[in-house]
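Below is one structure, written out as structure tokens; the observations come after it.
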Amino acid sequence: MSDVSAILREKNRKGSPAHRTRCIRLMLVGSFIGLFAPIFGYLAGTIVRADVSIGGLEPLLFWMLIGMFIGMAGAGIAILGALQWVAGRHNLP
């Protein structure tokens with residue numbers, strides 16, 4: 001059992017290649033979500049294009065707002081990956 005825990009400890013160490021890969025993956029996924037979620041929210045709002053307002057908001061504004069919230073969550077994921085990258089000292093030679 002100690003062999004498995006030693007392997008996992010080495011894999012999750014801050015300077016390990018697995019940690020570097022996880023940081024890069026978080027930054028890329030978060031950036032793509034942060035970039036494309038508002039665009040897809042706008043697209044969904046134009047597709048719905050109903051005459052009924054949702055909670056006093058036009059459908060285009062409502063879906064754009066949802067896309068902005070999802071985009072903010074994506075930007076938070078990207079920032080979390082960047083902070084882990086800096087904490088792991090991958091940016092230093």
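The values are calculated or read from the model by the stated rules, or taken from the named source; none is laboratory data. Since the structure is predicted, the reported quantities are computational estimates derived from the model, not experimental observations. Glycine gets a Cβ as well: all are built from the backbone with ideal geometry, and neighbour counts include every protein chain shown.
Among the residues that make up the range 33-45, is at least one of them touching a helix residue (DSSP H, G or I) at 6+ places or on another chain (Cβ under 8 Å), of a type outside the set (Asp, Glu), loosely packed, with under 13 Cβ neighbours inside 10 Å and modelled with pLDDT of 80 or more? Looking through the range 33-45, at least one residue is touching a helix residue (DSSP H, G or I) at 6+ places or on another chain (Cβ under 8 Å), of a type outside the set (Asp, Glu), loosely packed, with under 13 Cβ neighbours inside 10 Å and modelled with pLDDT of 80 or more.
Contact map, the range 35-64: residues that are β-branched (Val, Ile, Thr) paired with residues that are at pLDDT 85 or above and crowded, with 16+ Cβ neighbours inside 10 Å, Cβ distance under 6 Å, separation 6+ or inter-chain. Pairs shown: ILE54/PHE62.
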